[in-house]
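Enquirer: Before we start, here is the structure in question, set down as structure tokens.
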2 protein chains.
Amino acid sequence: MKPAEPPVSTADAPATAGTKTAATDAASPLRLRRVAIDTYSENVAYLNRDCAVYRAEGFQALSKVEVRANGRRILATLNVTSDPRIVQCHEVGLSQDAFSQLGIEKGQPVTISQAEPPLSISALHRKIDGERLGREDFKAIVRDIAEHRYSKIELSAFVVATNRGELDREEVYFLTEAMIASGRRIDWHERLVVDKHCIGGIPGNRTSMLVVPIVAAHGLVCPKTSSRAITSPAGTADTMEVLADVELPLDRLSEIVREHRACLAWGGTADLSPADDVLISVERPLSLDSPGQMVASILSKKIAAGSTHLVLDIPIGPTAKVRTMPDAQRLRRLFEYVAHRLDLSIDVVITDGRQPIGNGIGPVLEARDVMRVLENHPLAPQDLRQKALRLAGRLLECDPDIRGGDGFAIARDILDSGRALEKMRALILAQGARPFDCERPQLGVLSFEVRAAQAGFVTGIDNLQIARVARMAGAPKVPGAGVDLARKLGEPVAEGDLLYRVHASFQSDLDFARQACDRSSGYHIGVTGELPHVFVEF
Amino acid sequence: MKPAEPPVSTADAPATAGTKTAATDAASPLRLRRVAIDTYSENVAYLNRDCAVYRAEGFQALSKVEVRANGRRILATLNVTSDPRIVQCHEVGLSQDAFSQLGIEKGQPVTISQAEPPLSISALHRKIDGERLGREDFKAIVRDIAEHRYSKIELSAFVVATNRGELDREEVYFLTEAMIASGRRIDWHERLVVDKHCIGGIPGNRTSMLVVPIVAAHGLVCPKTSSRAITSPAGTADTMEVLADVELPLDRLSEIVREHRACLAWGGTADLSPADDVLISVERPLSLDSPGQMVASILSKKIAAGSTHLVLDIPIGPTAKVRTMPDAQRLRRLFEYVAHRLDLSIDVVITDGRQPIGNGIGPVLEARDVMRVLENHPLAPQDLRQKALRLAGRLLECDPDIRGGDGFAIARDILDSGRALEKMRALILAQGARPFDCERPQLGVLSFEVRAAQAGFVTGIDNLQIARVARMAGAPKVPGAGVDLARKLGEPVAEGDLLYRVHASFQSDLDFARQACDRSSGYHIGVTGELPHVFVEF
């Protein structure tokens, strides 16, 4: 197959075009092509093995390349192909994300060359060797990460080298500060911008969708931007998306906040702490979530989003992310130290993380629980209601007009009176409500039940196993998939009583979930006295 | 574009074919396709975004998938495409290496499903958390690595978590043992099988191509399998390839060793410590080479290749891999400990690594130096000759019939008499000599010279910078590219004297090398007394 020649003006066409050498070939520009492959946050450039440039530049396996066009440039990992249908000899292909990042039309001239390693790699090596890094080191590393200059291998090296115990608290502060600087920082021009956040790990637990309408109904500004689920069966953004659009451009989001004092949106479009998103693309498959990375990730997003006051929820329990009170206290102090250095007022609340909060696990089921609480429905899960009221109360007390201790009662009044429901409805309409009939996701029609093998009391519910079953059933990608709990800790069960129901939309997902349940139901049935004891602050 | 239906027998075609659901679609097998993309040691599977299986299985970004066919299976990272020219809806594409590993014809039915994470990931997490791992942990991890069950991200995590100071010496022993067990182990049925190895980092330094013919001429069995260059401008395999074939199947290699007592081959075809090759694919781009990984890599390859006695060369110098005598001694003890546990007799020699050994750097230039020494040519580099004789002497003393201290003189006699040259010629012929006229690689025709900017003495030659210049010039991929040194440490120079000449085969490579030289020539010219002092054992 003969590659199409780049267009040349006839007047300028050299008479010796047929005698070009490899070296001059290399100098002629290649054409940009979009390769419709989703490589998930790693930029990949594709070159044809017979491309003169590939030959002349002496590219080595796994080398990083720099693709330049029109004053812009990106770094990418090189893949080489011999298939001209992917890229021809005169083309440079870019994977989907890389193509969007470069932001150049296809067919435009581009040049490609071996990239020097990112300058911050020497700092990465010092961290791998166990050295303490300074502010400028973190700035350089995080800037290179946000600009996609790190390969997945280098990202993974950074995440492991800064894991557990490898960062002291000042380094966590430097990292957080660098992550804030890597993206946009929103200024709401308000004296008080409140937010709440949970470190995660507890299935269900959709308190944000209650806290936000409550505090906004009171009049506090609470522009909540959430992530999608990373390793869990649903994030706040996934659950809110059952009810309303969450992918809003920043100017629309600002309008909504100005009018309604709040939003419940996905933060991915706002360019807040973009380095965090790149790091998460590696932390997720590695299932790593060290204290330093957690603090930097959460606080950088909150501060970039313009928050001035944050209530932070750290659940503890035998299958929570944090398992002991000393660990929780250590994490609390780290959050407080970094928040203080960055002028964020933080109120850390250590909560009961021994079991899921609410009954539903999975986007549709969690949205149901949230709406039942807002509607004061008789089937509303009381644990979700109580926890949301307590967190909302703490957040309300950021208002200097509210006396310490009065927050809970005010929050309860806002919820019971229907003002929180009214605020939620306004937010849903403002963001773009899902029409009820067809587009709105429904509960998965396939299901099976898990029942108690013996009589007794529920003495343990394994957060991790319940989350695993819900994920196997398809959550969060299939919004109607998930687990609906019928019994919670401490409740009596007879043999054969329903423990939970699993919902799925596809037979293969249901089979996966059933296999997971067969290995372990996640429930422990015993006698009352065995209940795991947890110290919680409120 | 309508995807081609997999062939079905007309007699069996169901009348309800038009009403198939997504779930039954998912159950019908997909067809295997080879995607001509070289992804460098990472298995990648390609699915079409519209594939029913992709939809039904709820695949998540970056998830690992298992591809099964005909009783075989491999793990791969999933990339998703919307381009039917890469894969159609009824196909599973595999990148080149992954396709070869599966070993199934294209068009055959295959199934694809989400893979459970490798079982050893929990051990990896314990290592990341700083725990000490046991023998079974290392076995499980290394087996999963050799079977390509680890993604690049996980490999990178392992390499960083086991870096510098993170492995104690017993863990290094466990790792080495597990790496040996991950592949084939050759038994030569000889009482004494000798080998020599250098930890690397010194440009030139092609002593193996002299030591092997000398000790084989004496009658010792020395089946040398070498790697290609990893981060250097030439490895022994790259240099030997200038003269002879080095990619030999194991049975041919065995024949050669039986007849000639030696070989100088590339080890990549022999399935020796395959986990090492996978780890190197990550260590190379990270430029990581910790003591534990180095010991496990070198000793596992040597023991798998059937060696009983090893002479190991650790060069020290200000720009060598090992920079101080205490570091060299610590590394020596680690080599000795692990070798002892694995019944390998080891003789560690700490050598002068202050500058390149020999004059030429790059495959063709290094082959020239080696042949000049063997031919007792007047231009033969004396430092290469002396070092090779000393190492060969140490290796000869493994022979119980040779008195300690006599090895050097015997080695010199074998070299001076031409018996080593004769042996080398026999090995070249046996492995398959390159015909001199056309196929044999020639020195690059493009060149430039680097000259002294001032008069004085050569007081420093930077191994790293000289290697960088040679790589920029195209070595080892372009065999005729490299650096030819005209001055060595301690020699006097007048202003304008030639320091070295750079050779390349392509103009762009030459330009890259010139830029590197402009940043730093790698030479330091000063007064005699400044010469860096090095303690060496012999």
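The values are calculated or read from the model by the stated rules, or taken from the named source; none is laboratory data. These numbers were taken from a predicted model, which means no experiment stands behind them. Note that each Cβ is placed from the backbone with ideal geometry, even for glycine, and that neighbours are counted across all protein chains shown. Accessible surface is based on the protein model in full, side chains and every heavy atom, while ligands, DNA and RNA are left aside. Shrake-Rupley method; radii C 1.70, N 1.55, O 1.52, S 1.80 Å.
Enquirer: Considering the stretch A:68-166, what Rg and Dmax in Å follow from its alpha-carbon atoms?
Expert: Every Cα atom of the stretch A:68-166 included, Rg and Dmax give 16.5, 49 Å.
Enquirer: Summing -39500 (n - 2.57) over the DSSP H runs of n ≥ 4 in chain A and dividing by its residue number, what mean residue ellipticity at 222 nm do you reach, to the nearest 500 deg cm²/dmol?
Expert: Calculated from helices alone, the mean residue ellipticity at 222 nm is -12000 deg cm²/dmol.
Enquirer: Determine the sum of side-chain charges near B:Pro326: Lys and Arg each +1, Asp and Glu each -1, restricted to other residues whose C-beta is under 13 angstrom from that of B:Pro326.
Expert: +3
Enquirer: Relative to the longest principal axis of chain B, what angle (0 to 90°, nearest 10) does the C-alpha long axis of helix B:250-260 take?
Expert: So the helix axis and the longest Cα principal axis differ by about 20 degrees.
Enquirer: What FRET efficiency, computed as 1/(1 + (r/R0)^6) with R0 = 35 Å and r the Cβ-Cβ distance, is obtained for A:Leu342 and A:Asp413, rounded to the nearest 0.05?
Expert: It comes to 0.55.
Enquirer: Something else about it: Rounding to the nearest 10 and keeping the result within 0 to 90°, find how far the Cα-based axis of helix B:208-218 lies from the longest principal axis of chain B.
Expert: So the helix axis and the longest Cα principal axis differ by about 70 degrees.
Enquirer: So what is the orientation-averaged projected area of the stretch A:235-393, using the convex hull of its C-alpha atoms, in nm²?
Expert: 10.2 nm²
Enquirer: Taking each residue of B:278-286 in turn, how many C-beta atoms of other protein chains fall within 10 Å of its C-beta, and what is the average?
Expert: Going residue by residue through B:278-286 and averaging, the value is 4.
Enquirer: Rounded to the nearest 5, what is the percent of antiparallel bridges among the DSSP beta bridges in chain A?
Expert: Close to 55 percent.
Enquirer: Then there's this: Mind pulling up the Rg/Rh value for the stretch A:197-261? Radius of gyration and Kirkwood radius, both on Cα.
Expert: 0.97
Enquirer: Quick check: at a probe of 1.4 Å, how many percent of the accessible area of the protein assembly as shown sits on carbon and sulfur atoms?
Expert: Within the protein assembly as shown, the accessible surface is 49 percent carbon and sulfur.
Enquirer: About the Cα centre of the stretch B:446-503, what is the dipole size in debye to 20, counting +1 per Lys and Arg Cβ and -1 per Asp and Glu Cβ, all else neutral?
Expert: Its charge dipole is roughly 280 debye.
Enquirer: Based on alpha-carbon centroids, what's the gap between the stretch A:192-265 and the stretch B:389-411 in Å, whole number please?
Expert: 76 Å
Enquirer: For the stretch B:403-538, take N as its residue count and report Rg(C-alpha) divided by 2.2 N^0.38 Å.
Expert: Taking N as the residue count of the stretch B:403-538, the ratio is 1.34.
Enquirer: Right, something else. Classify the stretch A:187-322 as rounded, prolate or oblate from the Cα gyration tensor: take a ≥ b ≥ c as the square roots of its eigenvalues, call it rounded if a/c is under 1.5, otherwise prolate when a/b beats b/c and oblate if not.
Expert: Prolate, since a/c reaches 1.5 and a/b exceeds b/c.
Enquirer: Taking all pairs of distinct Cα atoms, average 1/r, flip it, and tell me the Kirkwood hydrodynamic radius of the stretch B:108-238 in Å to one decimal place.
Expert: Taking the inverse mean of 1/r over all distinct Cα pairs, the stretch B:108-238 comes out at 17.9 Å.
Enquirer: Follow-up question, since we're still on this one. Please compute the per residue accessible area over the stretch B:56-166 with all protein chains in place, 1.4 Å probe, rounded to a whole number of Å².
Expert: 38 Å²
Enquirer: How much length would be gained if the chain were fully extended between B:Arg323 and B:Arg440, taking 0.36 nm per residue of separation minus their Cα-Cα distance, in nm to one decimal?
Expert: 38.4 nm
Enquirer: Please name which of A:Ala516, A:Ala455, A:Ser505 has its Cα lying farthest along the dipole of the stretch A:389-538 towards the positive end, using unit charges on Cβ (Lys, Arg +1; Asp, Glu -1) and the Cα centre as origin.
Expert: A:Ser505
Enquirer: Related question: With the cut-off at 32 Å, tell me which of the pairs A:Lys139/B:Lys488; B:Lys64/B:Lys196; A:Lys321/B:Lys301; A:Lys387/B:Lys127; A:Lys152/A:Lys387; A:Lys64/A:Lys301 have Cα atoms farther apart than that.
Expert: From the list (A:Lys139/B:Lys488; B:Lys64/B:Lys196; A:Lys321/B:Lys301; A:Lys387/B:Lys127; A:Lys152/A:Lys387; A:Lys64/A:Lys301), the Cα-Cα distance tops 32 Å for A:Lys139/B:Lys488; B:Lys64/B:Lys196; A:Lys321/B:Lys301; A:Lys387/B:Lys127; A:Lys152/A:Lys387.
Enquirer: Within 10 Å of each Cβ in B:32-40, how many Cβ atoms from other chains are there, averaged over the peptide?
Expert: Rounded to a whole number, the mean comes out at 6.
Enquirer: Roughly how large, in nm² to one decimal, is the mean projection of the convex hull of the alpha-carbon atoms in the stretch A:359-474?
Expert: Its average projected convex-hull area is 10.6 nm².
Enquirer: Could you tell me which of A:Leu384, A:Gly268, A:Ile314 has its Cα farthest along the dipole of chain A towards the positive end, charges placed at Cβ (Lys, Arg +1; Asp, Glu -1), taken about the Cα centre?
Expert: A:Gly268
Enquirer: Can you give the mean number of other chain Cβ atoms that lie within 10 Å of the Cβ atoms in peptide A:157-166?
Expert: 5
Enquirer: How far is B:Gln382 from itself in the other copies, in nm, if each label sits 7 Å out from Cα along the Cα-Cβ line, shortest first?
Expert: 9.5
Enquirer: Let me ask you something else. Per residue, how much accessible area does the stretch A:397-459 show when a 1.4 Å probe rolls over the protein heavy atoms, in square angstrom?
Expert: 57 Å²
Enquirer: Over all alpha-carbon pairs in the stretch B:429-486, figure out the percentage whose distance exceeds 18 Å.
Expert: 51 percent
Enquirer: The protein assembly as shown: D in µm²/s via Stokes-Einstein (Kirkwood Rh, Cα pairs, 20 °C, 1.002 mPa s)?
Expert: Value of D from the Cα-based Kirkwood radius: 66 µm²/s.
Enquirer: When Lys and Arg each count +1 and Asp and Glu each count -1, what net charge do the other residues less than 10 Å away from B:Asp137, Cβ to Cβ, add up to?
Expert: So the environment of B:Asp137 carries a net charge of +2.
Enquirer: Hey, if you put +1 on the Cβ of every Lys and Arg and -1 on every Asp and Glu Cβ in the stretch B:95-219, which of B:Phe174, B:Ser113, B:Leu210 ends up farthest toward the positive end of that dipole?
Expert: Of the candidates, B:Leu210 comes out farthest on the positive side.
Enquirer: Something else now. Using the crude model of +1 on Lys and Arg Cβ and -1 on Asp and Glu Cβ, and no other charge, please compute the dipole size for chain B relative to its Cα centre, in debye to 20.
Expert: Once rounded to the nearest 20, the dipole reads 240 debye.
Enquirer: If you build the Cα gyration tensor of the stretch A:310-361 and take the root of 5 times each eigenvalue, what three semi-axes come out, in whole angstrom, biggest first?
Expert: That gives 23, 13, 6 Å for the three semi-axes.
Enquirer: While we're on this one: What angle, in degrees between 0 and 90 and rounded to the nearest 10, separates the Cα long axis of helix A:135-146 from the longest principal axis of the Cα atoms of chain A?
Expert: It is inclined by approximately 80 degrees.
Enquirer: Under 10 Å from the Cβ of B:Glu283, count the other residues' Cβ atoms, weight Lys and Arg +1, Asp and Glu -1, and hand me the total.
Expert: Cβ neighbours under 10 Å give a net charge of -1.
Enquirer: Mind jotting down the three principal axis lengths of the stretch A:92-144 based on Cα atoms? Whole angstrom, largest first.
Expert: Rounded to whole Å, the extents work out to 46, 19, 16 Å.
Enquirer: What are the principal axis extents of the Cα atoms in chain A, in Å, biggest first?
Expert: Reported extents, whole Å, longest axis first: 90, 52, 48.
Enquirer: Here is a follow-up. What order, most packed first, do the peptides B:82-91, B:267-276, A:103-112, B:197-206 have when packing is the mean number of other Cβ atoms within 10 Å of each residue?
Expert: Result, highest mean first: B:197-206, B:267-276, B:82-91, A:103-112.
Enquirer: While we're on this one: Highest mean first, what order results for B:389-395, B:127-133 on Cβ atoms within 10 Å?
Expert: Put in order of decreasing packing, that is B:389-395, B:127-133.
Enquirer: I need the shape label for the stretch A:329-421. Rule: rounded when a/c is under 1.5, else prolate if a/b > b/c, else oblate, with a, b, c from the alpha carbon gyration tensor.
Expert: Here the stretch A:329-421 falls in the oblate category.
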